[in-house]
1. Need pairs with beta-carbon distance below 8 Å; first residue more than 16 Å from ASP393 (Cα to Cα) and open to solvent by 40 Å² or more (accessible area, probe 1.4 Å) and within segment 430-455, second hydrophobic (A, V, I, L, M, F, W, C) and in a strand (DSSP E or B); sequence gap 6+ or separate chains.
2. Given the criteria in a helix (DSSP H, G or I) and either touching a Ser or Thr at 6+ places or on another chain (Cβ under 8 Å) or within 23 Å of ARG100 (Cα to Cα) (or both), does LEU359 qualify?
3. Kindly state which helices (runs of 4 or more DSSP H) lie completely within segment 101-178 and contain at least 3 residues that are touching a Pro at 6+ places or on another chain (Cβ under 9 Å) and either among the hydrophobic types (A, V, I, L, M, F, W, C) or surrounded by 16 or more Cβ atoms within 10 Å (Cβ to Cβ) (or both).
4. Answer with yes or no whether LYS275 is of a type in the set (Lys, Arg), more than 21 Å from ILE344 (Cβ to Cβ) and assigned to a loop (DSSP other than H, G, I, E, B).
5. So which of THR341, THR354 is part of a loop (DSSP other than H, G, I, E, B) and hydroxyl-bearing (Ser, Thr, Tyr)?
6. On the basis of being at pLDDT 95 or above, under 21 Å from GLY12 (Cβ atoms) and touching a Cys at 6+ places or on another chain (Cβ under 8 Å), does ILE63 make the cut?
7. List the pairs whose first member sits in segment 155-172 and is farther than 27 Å from GLU378 by Cα, whose second member is open to solvent by less than 70 Å² (accessible area, probe 1.4 Å) and modelled with pLDDT of 90 or more, and whose Cβ atoms are under 6 Å apart, counting only residues at least 6 apart or on separate chains?
8. Which numbered condition in (1) touching a residue at least 40 places away in the same chain (Cβ under 8 Å); (2) open to solvent by 20 Å² or more (accessible area, probe 1.4 Å); (3) in contact with a Cys (Cβ under 8 Å, 6 or more places away or on another chain) is the only one that PRO425 fails?
Amino acid sequence: MDIIIVGCGRVGYILADHLSKEKHNITLIDTNDHRLAPALANLDVQAVMGNGTTYSCLMEAGIKSAELLIAVTGEDEINMISCMMAKKANSKCQTIARIRKPEYLPERNYFKQAFGMSMIINPELAAAREINQLINVPAALEIDSFARGRVDLLRLVISEDSILNGMKVMEVSKKFDRKVLICIQMHNGEVTIPNGNAVLSAGDSISVILPKPMISKFYNTVSDNNLSTIKNVMIIGGGTTGEYLAEALCDGGVNVRIIEKNPDKCDVLAEQLLKADIIWGDASNHDVLLAAGLEDMDAFVTLTTTDSENCFLSLYAGKVAPKCKLITRVHKLEQDEIITTLPIGSIITPRRLTAEYILQFVRAKMNTKGSNVEALYELMDNRVEALEFSIRDDSPVLNIPLANLQTKNNLLICAIVRGKKIITPSGKDELKLGDTVIVVTTHLGLQDISDILAD
């Protein structure tokens, strides 16, 4: 696929990296040659220095033959105009725009129609939704949903007192009547797709796939700490993400307390979030946090603009309120290897979410073999992908017992959704026309259900 990416900031670079590795032809556009230089040096891409809103620049980038344009500059208006110009130059070119300003959110459907956009992504709204989902399932470090929210893939760390400590993967499945399946295990830094004989240990990070109604039963069984509802949430930072999150939590009946050091922003929040408590103060001062009731909070979310401050605040909150669920926003992806080792709870990276949604869209459009990607998530520091495929009538995996399918190593078919039925598959099960199938694998870049087959 010929793809043009307008904007070579961090998101643009991530997308170019992923998509070029998936053998797409990528052309980057940016007004700053210093941003283009690293991509040209390290990635298999082409680049045009110029303004992605101009017809001449788009023509130089190859808009006439492009199948997709992705606009992810730092300016919403530039992204929208780039999409509009691309559509005018090539009506068959699909377009995606990153649009962040809250005032544009209510008009997103109008923009899609008026500018012919295929997709609009708002990173702050996506992050807020992700955090809200984590708060709804307190024990999970990460949640990814499939089959329109009916099946969840949850990540957790096994504690010393958990019954999972020392159990085999097959024993866990039997304990929950084969409705729960452990499909990823990280042990001592090594990530595997475990077989039934794999033994779980305290400290392992695992991903478990299960139907949504099973979540409470699973957590209450595997941990001495019952899955309690989060009632009180403290949010540090009243920016756009904090505002989106607070609104969703208040609508869900959660008590929300926001600490924001900008007095003018506090006034705006107080007018817009009538059900939330707005506190003017500097959260880096521990006296402010204690006076605001940190010790009584069920969840603590850091959303300042500084990664180091978010991490330090979460570390402090973890000591003061050890039972409090921690959620930490991180902007710089380069620090992943360090940050993921810190006890700061769930880590939310808006740039990664943006790239993930766009990559999912691109995979879904690669519909050349009869089955396409309906959902895509990158897990375990991008070493594993979880994908949802829909099964079409010419798929080579139709009506064959799974035991007879010669699939790739380090790949697991972990759920089949057939109508209203959710199946944890065994070797006797078969994939049927119309099924949705969820696959977890260390093989990155799968684009079709046929790609699960061994070469």
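1. Hits for this filter: THR442/VAL191; THR442/VAL384; THR442/LEU411; HIS443/LEU411.
2. So LEU359 passes the test.
3. Helices (runs of 4 or more DSSP H) meeting the threshold: 123-136.
4. It is true that LYS275 is of a type in the set (Lys, Arg), more than 21 Å from ILE344 (Cβ to Cβ) and assigned to a loop (DSSP other than H, G, I, E, B).
5. THR341
6. yes
7. Close Cβ pairs (under 6 Å, with a partner that is open to solvent by less than 70 Å² (accessible area, probe 1.4 Å) and modelled with pLDDT of 90 or more) amount to GLU160/ALA202.
8. Only one criterion in (1) touching a residue at least 40 places away in the same chain (Cβ under 8 Å); (2) open to solvent by 20 Å² or more (accessible area, probe 1.4 Å); (3) in contact with a Cys (Cβ under 8 Å, 6 or more places away or on another chain) is unmet by PRO425, namely (1).
The values are calculated or read from the model by the stated rules, or taken from the named source; none is laboratory data. As the structure is a computational prediction, the values presented were derived from the model and not from experiment. With ideal geometry, Cβ positions are generated from the backbone for all residues, glycine too; neighbour counts draw on all protein chains shown. With ligands, DNA and RNA removed, areas are computed over all heavy atoms of the protein, side chains included. Shrake-Rupley method; radii C 1.70, N 1.55, O 1.52, S 1.80 Å.
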